[in-house]
Amino acid sequence: MSELISDIEGGIRTVDASVDASHGILLYLEGVTVSFDGFKAIDNLSLYIGDGELRCIIGPNGAGKTTMMDIITGKTKPDTGRVFFGQTIDLLQLDEPAIARIGIGRKFQKPTVIEPLSVLENLELAMSGAKYLRGLMTTRLTGEERERIGAVLERIGLSDLAQRQAGILAHGQKQWLEIGMLLMQQPRLLLVDEPVAGMTPAEMERTAELLNSLAGEHSVVVVEHDMGFVRSIADKVTVLHQGRVLAEGTLEEVQADPKVIEVYLGDDHAAH
Ligand SMILES: Nc1ncnc2c1ncn2[C@@H]1O[C@H](COP(=O)(O)OP(=O)(O)OP(=O)(O)O)[C@@H](O)[C@H]1O
Ligand SMILES: [Mg+2]
């Protein structure tokens, strides 16, 4: 697959958009700083996400977690630093749509499913918006497309509800459908910001299973406050604080870290 992107001089060149993660790292952030009116929301942040890794990012309110995702997806451009997708793709040279096209999907907290359409139609639309505009609803899907949709329905646990209108799904089911819509684009990296907010315990458990099942095939970065949930999925946890990495390791390791205990002191989230 080729992408047209602008190079540093502003010209257009064609690059091979296949991601080179041959060193085992899919995403590199190095020395990244972002200031808003002189306040450093991200302060010399360096972070590496492994190929196929499931990483949890935790940290107090205002630590810079969402801003970090904004940088990766091109919504916010940093003042300094390097952001690379694999060895060769400089994300700072790409705009938001280009970053999405090369395989970085982001799930926002509020689901953006199209409520009047069925679960199946939402997935069809996510597979190819352009095709939909040409009248996909009346066009036969290819066998391969049908298979991909079936696999995603199964993955998100909504096979039996494929014909149901998205608007009447339960909160958790809508969130899973949205993850399914991202999966239709076959992203290499998925960014998920606070996925279990507002979910029932049963929905949280199912979401943990779903995210765990994605690791390996995809790299997944999950920002979450709910420590019970983090415990159920996390392999490696990064604690952000004041726009920097405060600690990194297993959840047990970071929870035992005096620096982390200090930052979370008096914070309800640390009580677990
Ligand atoms: N567009 C912006 N303009 C000005 N300040 C901003 C902007 N975006 C974020 N900030 C500030 O940057 C800091 C980091 O915000 P961010 O939303 O990344 O934190 P967070 O870790 O996601 O917090 P939370 O856990 O509450 O979601 C905050 O102090 C926030 O007020
Ligand atoms: Mg946030």
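The values are calculated or read from the model by the stated rules, or taken from the named source; none is laboratory data. Remember, predicted model here, so these are calculated numbers, not experimental data. Note that we place each Cβ from the backbone using ideal geometry, even for glycine, and neighbour counts take in every protein chain shown.
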**Asked** With respect to residue 73, is the statement that it is within 20 Å of residue 215 (Cα to Cα) and within 16 Å of ligand 2 (Cβ to nearest atom) true?
**Response** yes
**Request:** Any chance you could count how many residues in the range 219-255 are at positive phi and surrounded by fewer than 20 Cβ atoms within 10 Å (Cβ to Cβ)?
**Result:** 2
**Message:** Would you confirm, using the coordinates I've provided, whether residue 189 is away from ligand 1 (no atom under 16 Å from the Cβ), under 11 Å from the mean Cα position of the chain (by Cα) and in the same structural domain as residue 26 (by TED's automatic domain parsing)?
**Reply:** yes
**Request:** State whether one or more residues within the range 137-149 are crowded, with 17+ Cβ neighbours inside 10 Å, at pLDDT 95 or above and within 30 Å of residue 84 (Cβ to Cβ).
**Result:** no
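Yes/no matrix, rows are residues, columns are (1) of a type outside the set (S, T, N, Q); (2) away from ligand 1 (no atom under 16 Å from the Cβ); (3) out of contact with any Asp or Glu (no Cβ under 9 Å at 6 or more places or on another chain):
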position: 52; (1), (2), (3): yes, yes, no
position: 59; (1), (2), (3): yes, no, yes
position: 67; (1), (2), (3): no, no, yes
position: 76; (1), (2), (3): no, no, no
position: 88; (1), (2), (3): no, yes, no
position: 97; (1), (2), (3): yes, yes, yes
position: 102; (1), (2), (3): yes, yes, no
position: 111; (1), (2), (3): yes, yes, no
**Request:** Check residue 216 against each of (1) within 24 Å of residue 27 (Cα to Cα); (2) loosely packed, with under 15 Cβ neighbours inside 10 Å; (3) in contact with a helix residue (DSSP H, G or I) (Cβ under 9 Å, 6 or more places away or on another chain) and name the one condition it does not meet.
**Result:** (3)
**Fill in**
In the range 14-50, anything surrounded by fewer than 16 Cβ atoms within 10 Å (Cβ to Cβ), hydroxyl-bearing (Ser, Thr, Tyr) and within 13 Å of ligand 1 (Cβ to nearest atom) is listed as 35
**Request:** Being within 20 Å of residue 202 (Cα to Cα) and either in contact with a strand residue (DSSP E or B) (Cβ under 9 Å, 6 or more places away or on another chain) or not in a helix (DSSP H, G or I) (or both) is the filter here, so list the residues in the range 167-186 that pass it.
**Result:** 169, 170, 175, 178, 179
**Subset of the range 112-128 that is of a type outside the set (A, V, I, L, M, F, W, C) and within 13 Å of residue 176 (Cα to Cα) - its residue that is surrounded by the fewest Cβ atoms within 10 Å (Cβ to Cβ)** = 112
**Message:** Considering only the range 83-102, I want to know if a residue exists there that is within 16 Å of ligand 2 (Cβ to nearest atom), of a type in the set (A, V, I, L, M), surrounded by 22 or more Cβ atoms within 10 Å (Cβ to Cβ) and free of Cβ contacts under 8 Å to residues at least 60 places away in the same chain.
**Reply:** no
**Request:** Considering only the range 193-272, give the helices (runs of 4 or more DSSP H) lying wholly within it that have at least 3 residues that are touching a Phe, Trp or Tyr at 6+ places or on another chain (Cβ under 7 Å).
**Result:** 201-214
**Request:** Filter the range 51-64 for residues that are surrounded by fewer than 22 Cβ atoms within 10 Å (Cβ to Cβ) and within 14 Å of ligand 2 (Cβ to nearest atom) and give the result.
**Result:** 60, 61, 62
**Complete:** In the set 153, 189, 169, 158, the lone residue that is in contact with a His (Cβ under 8 Å, 6 or more places away or on another chain), surrounded by 15 or more Cβ atoms within 10 Å (Cβ to Cβ) and over 30 Å from residue 261 (Cβ atoms) is 189
**Item:** Pairs, first closer than 28 Å to residue 213 by Cβ and in contact (Cβ under 8 Å) with a residue 60 or more places away in the chain in the range 55-68, second charged (D, E, K, R) and within 7 Å of ligand 1 (Cβ to nearest atom), C-beta under 6 Å, six or more apart
**Value:** 57/65; 59/65
